[in-house]
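**Q** The structure follows.
The values are calculated or read from the model by the stated rules, or taken from the named source; none is laboratory data. Computed from a predicted model, the values in this text were never measured in an experiment. Positions of Cβ are backbone-derived with ideal geometry, glycine not excepted, and every protein chain shown enters the neighbour counts. To get the accessible areas, we keep the full protein, side chains included, count just its heavy atoms, and leave off ligands, DNA and RNA. Shrake-Rupley method; radii C 1.70, N 1.55, O 1.52, S 1.80 Å.
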Amino acid sequence: MLTHAKPVAAVTGALVLAASLTACGGSSAASDEKVVTVYSADGLKGEAGDGWYDKVFEDFEKQTGIKVEYVEGGSGEMVQRALREKSNTQADVLVTLPPFIQQAGSKGLLQKYAPRGADRVDGADKAADGTWTSVVNNYFGFVHNKKELPTAPKSWEELLDEKYENRIQYSTPGVAGDGTAVLIKAMHDFGGQAPAMEYLKKLQANNVGPSSSTSKLAPKVDKGELLVANGDVQMNFAQARSMPNLGIWFPAKGNGRPTTFALPYAAGLVDEAPHTENGKKLLDFLLSEGAQREVSAVGGGFPARKDVRPTDANAVALAGLLEGVEVFEPDWADIDENLTAYVDAWKSATGS
């Protein structure tokens, strides 16, 4: 798998939230024109109603009179749901992490639409064919329990120690975006598929088991049920407001430099959406300057628009987290094409 390293510049920005599962049916949306249905990966909605989605959806409803119906799950889960409903589309807007937004595009689930403000989004953070645009930037990472592990582990190899037996868990590759990110980072750091799978096979001795949702792991780490879990900077930073034992860190290979990669929340207009115009209005709103300025202050994430450079306390703290960390750029085209093979290799290696 090809990746391209790029230097870490001063990353200023924002973050987003924790998670809650708010199920709502698409059938009600189909009968009400003043509605827009969003299928989204978890992480941007606050458990206490204090997340970025909570704020911008409320503002959007007040401004437009359009009610947001929200359905949440893992990135892969949301794409699969939209795919099953393709003959009777329920969602208007789909928001997932890579590589699942690319997967949605390649499966014909998205229609072309460039929201207002998309011209201010970096080219690497939007589709060349205009089918999706990042609305919140983010980075992959891990969390550790600061009470039991005051100093974060430094390397992948440390996690093989017996003290981590049944105290490590990562979300399921192919189902959760952050779980798939574990594969992507391991393949980059270890130099290819074979050595990455060899490592993950060894790690399985300490791994608790699969989890379809990454957001459910942080509370276990905070309580000390787990010592280490995967996550992402935006979600975990937001969760840390109510989970004081969470610490964010980035594994290195051996004595090397810690690494991460951008893992943005990317949004697209669903093909043959029941409320296409409402979906366009919501996408415009999510990329508006006002909503983007709240990404860090409210949600704890990084703005997708490069002309929005917040200076609030969250933005400063987030930039600090990435100091000294190498940011590499995955080959998303390769990952989209070979994702099934990579996940199958992981299943074979780990017996999952």
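**Q** Would you tally the residues in the stretch 73-105 being open to solvent by less than 10 Å² (accessible area, probe 1.4 Å) and at pLDDT below 95? Please lay out each step first, then the result.
**A** First, the residues of the stretch 73-105 that are open to solvent by less than 10 Å² (accessible area, probe 1.4 Å): 73-76, 78-79, 91-101, 104.
With the extra rule that they be at pLDDT below 95, the set shrinks to 73-76, 97-100.
Adding up the residues that qualify gives 8.
**Q** Please give the number of the condition Val68 fails out of (1) touching a residue at least 60 places away in the same chain (Cβ under 8 Å); (2) open to solvent by 10 Å² or more (accessible area, probe 1.4 Å); (3) in a helix (DSSP H, G or I).
**A** The single condition Val68 does not satisfy is (3).
**Q** Can I ask one more? May I ask you to say which residue of Val208, Val221 is of a type in the set (Val, Ile, Thr) and over 30 Å from Ser296 (Cβ atoms)?
**A** On the way: Val221 fails: over 30 Å from Ser296 (Cβ atoms).
Every option except Val208 fails the conditions.
**Q** A further question follows. For a quick check of your reading of the model, give me the residue pairs whose first member lies in the stretch 307-330 and is farther than 17 Å from Phe140 by Cα, whose second is among the basic types (Lys, Arg) and surrounded by fewer than 17 Cβ atoms within 10 Å (Cβ to Cβ), with beta-carbon atoms closer than 6 Å and at least 6 apart or on different chains.
**A** Every condition considered, the pairs that remain are Asp307/Arg120.
**Q** Scanning the stretch 114-141 for residues that are under 11 Å from the mean Cα position of the chain (by Cα) and farther than 17 Å from Ala291 by Cβ, which turns out surrounded by the fewest Cβ atoms within 10 Å (Cβ to Cβ)?
**A** Phe140
**Q** Enumerate the helices (runs of 4 or more DSSP H) found wholly within the stretch 143-241, keeping only those where 1 or more residues are surrounded by fewer than 22 Cβ atoms within 10 Å (Cβ to Cβ).
**A** 177-190, 193-203, 217-223
**Q** While we're on this one: Within the stretch 23-37, can one find any residue that is open to solvent by 60 Å² or more (accessible area, probe 1.4 Å), outside any strand (DSSP E or B), modelled with pLDDT of 95 or more and out of contact with any strand residue (DSSP E or B) (no Cβ under 9 Å at 6 or more places or on another chain)?
**A** No, the stretch 23-37 contains no residue that is open to solvent by 60 Å² or more (accessible area, probe 1.4 Å), outside any strand (DSSP E or B), modelled with pLDDT of 95 or more and out of contact with any strand residue (DSSP E or B) (no Cβ under 9 Å at 6 or more places or on another chain).
**Q** Out of Thr260, Thr276, I need the residue that is among the β-branched types (Val, Ile, Thr) and over 27 Å from Leu203 (Cβ atoms). Which one?
**A** Answer to the selection: Thr276.
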